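Participant: Got a structure here, written out as structure tokens. Questions coming.
The values are calculated or read from the model by the stated rules, or taken from the named source; none is laboratory data. Bear in mind the structure is a predicted one, so any value in this text is a computation, not a measurement. Heads up, the Cβs are rebuilt from the backbone with ideal geometry, glycines too, and the neighbour counts pull from every protein chain shown.
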Amino acid sequence: MTTIDTFSEGRKLRRATSGTPRTLTEGTLTEDRTQASQNPPKGAADSVQATAGKPAGLRTISRGTWLPYLVPVGLVLVWQVLSSTGLISDRIMPSPVAVVAAFWERLLSGELGRDVAVSGARALSGLLIGGSIGFLLGIANGVSKLSEQLTDTTLQMLRTIPHLAMIPLVILWFGIGEEAKLFLTSLGVLFPIYLNTYHGVKNVDRDLVEMGKIYGMSSWSLFRKVIFPGALPSIFVGLRYALGIMWLTLIVSESIAANSGIGYMANTAREFMMTEVVVLALVIYAVLGKLADVIARALERWALSWNAAYQA
Amino acid sequence: MPVSSYLHPTAMVWDAFELQERAYFPDGTEVRPIAEPPVLPKAPAGLRLRGVEKAFGDNRVLRGIDLDVPAGQFVAIVGKSGCGKSTLLRLLVGLDEPTGGEIDFIDDGGDRVAPDARIVFQEPRLLPWFSVADNVAVGLGDGVPKAFARREAELVLEEVQLSEKAKEWPAKLSGGQRQRVALARALVSRPGLLALDEPLGALDALTRISMQQLLTRVWRELGFTAVLVTHDVTEAVHLADRVIVLDEGQVTLDLAVPQPHPRHHGDPELALLEGRLLAAVLGES
């Protein structure tokens with residue numbers, strides 16, 4: 001008797017789940033769940049909930065997963081069709097297949113790995129140097145009035161200069177070696193990290209700072225237990241913004257002068273009219289940029305898991 | 001699945017920077033305490049105030065307060081907004097310096113002892129990036145070994161009936177629970193005096209009543225001296241042994257509340273006292 005009951009309930013639920021929009025489905029689902037749980041045997045009701053919950057969950061996950069990729073995949077398909085039919089010339093834009101072939105060829109020869117490694121190392125060292133300076137200045141100016149009065153105005157002034165405008169000067173200073181790229185990348189990431197760290201420290205809840213002082217925290221304790229964690233959400237905003245600038249600066253400085261790296265790869269390819277390699281370089285920049293952002297986001301979610309806004 | 005707050009970077013990564021946590025012999029070997037001494041209940045500290053004054057510029061907030069609070073007493077200070085009651089409390093816990101007069105902490109025999117006070121504010125002021133237990137451990141001060149601090153924190157959390165929330169983030173708690181964590185943090189070092197600055201002011205009526213009961217129980221079990229600042233006369237007569245009315249920086253009434261604990265809402269004798277107090281606060285005596 002109960003088995004049949006459960007079965008029919010389950011069928012009804014499954015029917016309700018398929019085909020209807022998500023919000024509606026959920027409404028029906030909870031309604032039916034209450035009905036199901038009113039059935040006498042508890043186990044039976046539970047099994048109904050289990051079968052009912054699964055399809056809805058799968059639908060939500062799969063839709064959220066594939067929908068964002070619909071547009072890019074569609075664009076690539078259209079592009080391939082246009083290239084194959086000859087509507088777009090190879091000399092203007094290579095076909096996606098040609099780009100994939102270029103990728104495969106360079107991957108096998110090891111050139112690609114080397115170029116990506118070189119560019120990645122440049123990006124990271126620039127981020128590390130510029131980021132550390134920006135972070136330390138931000139903390140110092142947020143905490144100390146003297147330091148703020150001494151350096152903040154200067155930094156705010158320098159910040160308004162587009163750092164890429166310094167390229168001619170940088171070439172005069174450092175030539176076209178690694179130092180030039182490192183300097184430009186560091187300079188680029190310094191300001192977003194500085195501004196957001198400074199802003200974060202300035203906005204730490206004064207009541208919490210007072211509390212820390214009441215409980216006898218030393219300045220070091222106060223920094224690591226109250227000020228730094230309080231500024232962290234803002235510092236992460238700065239970091240993610242800096243990552244964007246980091247890639248941008250690197251691309252530009254590698255295009256000016258380099259004998260290795262992705263920018264170099266793209267520029268050499270231009271000389272030989274190898275459009276597919278140029279496009280490959282763009283794709284790699286996009287992938288690296290996205291990767292950096294994904295890592296930063298994951299780090300952010302982990303470090304800020306206390307914050308309701310970052311809880312999964 | 002939330003990451004355990006004990007494994008969180010603010011709790012974990014920074015532990016590497018816990019400078020005072022370990023001590024080393026000159027030859028580099030680490031000193032390991034065999035067993036950390038538990039924080040023992042300390043004797044309650046009484047108060048002796050003589051001619052205490054506080055002025056902010058020309059504004060004389062406190063105009064000569066004389067007050068003796070025996071160790072272990074529960075005193076409530078009531079008064080209108082701006083009567084100086086919160087200022088007085090901030091002086092007691094050393095958040096501000098008096099511009100005149102003397103504040104001494106005394107023991108049972110009336111001898112001066114070191115100031116030993118903690119304060120609970122109207123808002124809990126918990127660190128949102130620390131677990132409940134780590135927030136309570138803040139009350140033990142710097143340089144306390146982590147394991148010991150957590151054990152003490154869990155003990156005092158039991159006292160405020162929140163042991164099961166030890167590893168939660170404060171954001172997950174209700175307003176009343178957060179205030180209980182703040183209370184636990186103030187009590188974890190077993191202070192001789194606890195100052196309460198309208199600690200229940202932001203809570204709803206029902207939570208407030210259960211918090212009053214909790215406060216009374218904790219006070220009777222741990223035996224500290226309590227100084228409560230409130231604008232709620234009912235709360236004052238339910239919690240305190242003695243209620244002081246402050247008006248324009250001076251004590252205008254000092255009323256004993258002899259009723260034994262636990263007290264019940266609706267007790268006619270308390271209602272009578274309440275009426276007298278209210279009249280005094282409103283200046284209708």
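Participant: Look at B:V113 and say whether it is of a type outside the set (K, R) and either touching a helix residue (DSSP H, G or I) at 6+ places or on another chain (Cβ under 8 Å) or more than 30 Å from B:R60 (Cβ to Cβ) (or both).
Facilitator: Details: of a type outside the set (K, R): yes; either touching a helix residue (DSSP H, G or I) at 6+ places or on another chain (Cβ under 8 Å) or more than 30 Å from B:R60 (Cβ to Cβ) (or both): no.
In short, no.
Participant: Do you know which residues across the stretch B:96-154 are among the hydrophobic types (A, V, I, L, M, F, W, C) and assigned to a helix (DSSP H, G or I)? Don't jump to the end; show me each part of the working.
Facilitator: In the first step, residues of the stretch B:96-154 are kept if they are among the hydrophobic types (A, V, I, L, M, F, W, C); the result is B:103, B:105-106, B:113-114, B:117, B:119-121, B:126-127, B:129-130, B:132-133, B:136-138, B:140, B:144, B:147-149, B:153.
B:V132, B:A133, B:V136, B:A137, B:V138, B:L140, B:A147, B:F148, B:A149, B:A153, listed by residue number.
Participant: Just wondering, is there one or more residues in the stretch B:234-249 that are surrounded by 17 or more Cβ atoms within 10 Å (Cβ to Cβ), closer than 22 Å to B:E159 by Cα and hydrophobic (A, V, I, L, M, F, W, C)?
Facilitator: Yes, the stretch B:234-249 contains a residue that is surrounded by 17 or more Cβ atoms within 10 Å (Cβ to Cβ), closer than 22 Å to B:E159 by Cα and hydrophobic (A, V, I, L, M, F, W, C).
Participant: OK, next. Looking only at the stretch A:92-143, which residues are surrounded by 19 or more Cβ atoms within 10 Å (Cβ to Cβ), closer than 19 Å to A:I251 by Cβ and polar (S, T, N, Q)?
Facilitator: A:S119, the sole residue that qualifies.
Participant: Taking the stretch B:89-121 only, how many residues are away from chain A (no Cβ under 14 Å) and over 23 Å from B:A43 (Cα atoms)?
Facilitator: Step one: of the stretch B:89-121, the residues away from chain A (no Cβ under 14 Å) are B:97-113.
Now narrow it down to the ones that are over 23 Å from B:A43 (Cα atoms): B:97-101.
Here the count works out to 5.
Participant: Filter the stretch A:273-312 for residues that are hydroxyl-bearing (S, T, Y) and within 14 Å of chain B (Cβ to nearest Cβ) and give the result. Step through it out loud before you land on a result.
Facilitator: As a first pass, look at the stretch A:273-312 and keep what is hydroxyl-bearing (S, T, Y): A:275, A:285, A:305, A:310.
Once the filter is applied, which keeps residues that are hydroxyl-bearing (S, T, Y) and within 14 Å of chain B (Cβ to nearest Cβ), the stretch A:273-312 yields A:S305, A:Y310.
Participant: Can you name the number of the only condition in (1) touching a strand residue (DSSP E or B) at 6+ places or on another chain (Cβ under 7 Å); (2) crowded, with 21+ Cβ neighbours inside 10 Å that B:H231 fails?
Facilitator: (2)
Participant: If I go through the stretch B:46-66 residue by residue, how many of them are in contact (Cβ under 8 Å) with a residue 60 or more places away in the chain, touching a helix residue (DSSP H, G or I) at 6+ places or on another chain (Cβ under 9 Å) and surrounded by fewer than 18 Cβ atoms within 10 Å (Cβ to Cβ)?
Facilitator: Looking only at that region, the number is 0.
Participant: Can you name the residue in the stretch A:177-235 that is among the charged types (D, E, K, R) and crowded, with 21+ Cβ neighbours inside 10 Å and, of all such residues, is farthest from the other protein chains (Cβ to nearest Cβ)?
Facilitator: Going through the qualifying residues, I end up with A:K181.
Let's see how each residue does on (1) more than 14 Å from the chain's Cα centre (by Cα); (2) at pLDDT below 90; (3) of a type outside the set (K, R):
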position: B:K167; (1), (2), (3): yes, yes, no
position: B:K172; (1), (2), (3): yes, yes, no
position: B:Q177; (1), (2), (3): yes, no, yes
position: B:V181; (1), (2), (3): no, no, yes
position: B:P191; (1), (2), (3): no, yes, yes
position: B:L206; (1), (2), (3): yes, yes, yes
position: B:T216; (1), (2), (3): no, no, yes
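Participant: Could you figure out which of (1) small (G, A, S); (2) under 20 Å from the mean Cα position of the chain (by Cα); (3) surrounded by 15 or more Cβ atoms within 10 Å (Cβ to Cβ) isn't true of B:G101?
Facilitator: Evaluating B:G101 over (1) small (G, A, S); (2) under 20 Å from the mean Cα position of the chain (by Cα); (3) surrounded by 15 or more Cβ atoms within 10 Å (Cβ to Cβ) leaves (2) as the failure.
Participant: Hand me the list of helices (runs of 4 or more DSSP H) wholly inside the stretch A:196-312 holding 1 or more residues that are under 15 Å from the mean Cα position of the chain (by Cα). Let's see the steps before the verdict.
Facilitator: Numbers: elements: A:206-214, A:219-222, A:228-256, A:262-271, A:275-303.
Output list reads A:228-256, A:275-303.
Participant: What is the one condition in (1) outside any helix (DSSP H, G or I); (2) closer than 21 Å to B:A43 by Cβ; (3) more than 14 Å from chain A (Cβ to nearest Cβ) that B:Q161 does not satisfy?
Facilitator: So the condition that B:Q161 fails would be (2).
Participant: Moving on. Is there any pair with a first residue in the stretch B:215-237 that is on the phi > 0 side of the Ramachandran plot and a second that is crowded, with 22+ Cβ neighbours inside 10 Å whose Cβ atoms are under 6 Å apart and which are 6 or more apart or on different chains, and what are they?
Facilitator: Pairs found: B:G223/B:P44.
Participant: Would you say B:G84 is out of contact with any His (no Cβ under 6 Å at 6 or more places or on another chain), more than 10 Å from chain A (Cβ to nearest Cβ) and on the phi > 0 side of the Ramachandran plot?
Facilitator: Details: out of contact with any His (no Cβ under 6 Å at 6 or more places or on another chain): yes; more than 10 Å from chain A (Cβ to nearest Cβ): yes; on the phi > 0 side of the Ramachandran plot: yes.
For B:G84, the condition - out of contact with any His (no Cβ under 6 Å at 6 or more places or on another chain), more than 10 Å from chain A (Cβ to nearest Cβ) and on the phi > 0 side of the Ramachandran plot - is met.
Participant: Those residues that are on the phi > 0 side of the Ramachandran plot and in contact with a helix residue (DSSP H, G or I) (Cβ under 8 Å, 6 or more places away or on another chain), I need them from the stretch B:67-80; list them, please.
Facilitator: B:G79
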